[in-house]
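Undergrad: Take this structure, written in structure tokens, and hold onto it; I'll ask about it next.
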Amino acid sequence: MKTAIKVLLLEHDPSDAKLIENELRSSGLPIELKHVRTKTEFFKTFAAFRPELVFSDYMIDGRLAGLAVMKELREKYPDQPFIFVSWQIHEASVIEVLQAGATDYVFKERLSRLKLAMHRALREVDDRKERERAQADLRHSEEYFRSLIENASDIILVRDGQAIIRYASPSVEKLLGYETSAFVGKNLL
């Protein structure tokens with residue numbers, strides 16, 4: 001069985017938290033959910049729990065604290081998926097939170113969209129991790145081949161389509177006595 005997805009929910013209203021939890025659990029994915037009600041509780045729980053997904057109300061205790069929590073979290077964890085779940089607010093506020101880095105914004109009147117937002121956020125995390133792995137593999141491969149070329153005893157020249165030399169291996173100096181700069185940028189013909 002797949003490991004439970006760690007979810008941290010910042011919601012001051014217990015009845016709304018229960019609705020959100022029920023919707024998340026109906027997603028078909030195993031969920032380990034922690035519910036907190038304040039900013040202080042949020043950061044304490046976040047540090048100990050390290051959730052994969054964060055859901056937060058926009059308004060906490062009558063203040064726009066959800067946005068402040070997200071911005072503070074983004075300073076230390078810029079890639080942390082953060083989804084707002086709140087009652088209908090002005091369109092400009094939705095745009096503001098998305099521009100500030102929220103992964104998504106789901107209205108409590110449309111909680112059925114929560115599953116889509118959760119699946120999309122998890123897919124984005126997987127895609128980012130795959131890109132990071134591919135970039136690390138590419139760096140390793142480039143370092144390996146660079147090491148091979150730079151330590152080869154043969155002269156290796158790399159030219160472009162116009163026969164301009166773009167790279168000359170260090171063996172040029174050892175075998176011919178010329179610095180590589182004497183070749184790079186010159187036409188091979």
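Undergrad: P(r) for region 42-85: what percent of alpha-carbon pairs falls in each 5 Å bin, starting at zero?
TA: 5, 22, 34, 27, 10, 2
Undergrad: Just the Cα atoms of region 80-178: what Rg and Dmax do they give in Å?
TA: Final numbers for Rg and Dmax: 25.8, 76 Å.
Undergrad: How do 165-177, 145-157 rank on mean C-beta neighbours within 10 Å, highest first?
TA: Put in order of decreasing packing, that is 165-177, 145-157.
Undergrad: Could you list the residues of region 95-131 with an amide nitrogen less than 13 Å from a label point located 7 Å from the Cα of residue 4 in the Cα-to-C-beta direction?
TA: none
Undergrad: Which whole number of Å³ per residue matches the convex hull of the alpha-carbon atoms in the chain?
TA: Values: hull volume 38.6 nm³, N = 189.
In the chain, the Cα convex hull volume per residue is 204 Å³.
Undergrad: Where both partners of a DSSP beta bridge lie in the chain, what percent of those bridges are antiparallel, to the nearest 5?
TA: Values: 5 of 22 bridges.
Here the antiparallel bridges make up roughly 25 percent for the chain.
Undergrad: Another question, then. Give the carbon-plus-sulfur fraction of the accessible surface of the chain in %, rounded to a whole number; probe 1.4 Å, heavy atoms of protein chains only. The partial results should precede the final answer.
TA: Details: 6110 of 11590 Å².
Whole-percent figure for carbon plus sulfur exposure: 53.
Undergrad: Please calculate how many Å² of accessible area region 66-125 carries per residue, with a 1.4 Å probe and no DNA, RNA or ligand atoms counted.
TA: That works out to 51 Å² per residue.
Undergrad: Relative contact order of region 1-95, please, whole-number percent, based on alpha carbon pairs below 8 angstrom and at least 6 residues apart.
TA: Relative contact order for region 1-95 comes out at 30 percent.
Undergrad: Find, among the trypsin sites (Lys or Arg not before Pro) in region 1-59, those assigned to loop by DSSP (not H, G, I, E, B) with at most 12 other beta-carbon atoms within 10 angstrom.
TA: Sites meeting the loop and neighbour criteria: 2.
Undergrad: Starting from the Cα-Cα distance between residue 75 and residue 189, subtract it from 0.36 nm times their residue separation and give me the gain in nm to one decimal.
TA: Contour length minus Cα-Cα distance gives 35.6 nm.
Undergrad: Binning at 10 angstrom from zero up to the longest distance, how are the C-alpha pair distances of region 1-57 distributed in percent?
TA: Calculated over all Cα pairs of region 1-57, the distribution is 24, 55, 19, 1 percent.
Undergrad: Please give the contour-minus-distance gain from residue 149 to residue 125: 0.36 nm per residue of separation, less the Cα-Cα distance, rounded to one decimal in nm.
TA: Answer, rounded to one decimal: 5.0 nm.
Undergrad: Measuring from centroid to centroid over Cα atoms, what is the spacing of region 63-92 and region 1-57 in Å?
TA: 14
Undergrad: State to the nearest 20 debye the size of the charge dipole of region 39-113 about its Cα centre, where the only charges are +1 on K and R beta carbons and -1 on D and E beta carbons.
TA: Around 140 debye, computed over region 39-113.
The values are calculated or read from the model by the stated rules, or taken from the named source; none is laboratory data. All values derive from a computational prediction rather than experimental measurement. Positions of Cβ are generated from backbone atoms using ideal geometry, with glycine treated the same way; all protein chains shown enter the neighbour counts. To get the accessible areas, we keep the full protein, side chains included, count just its heavy atoms, and leave off ligands, DNA and RNA. Shrake-Rupley method; radii C 1.70, N 1.55, O 1.52, S 1.80 Å.
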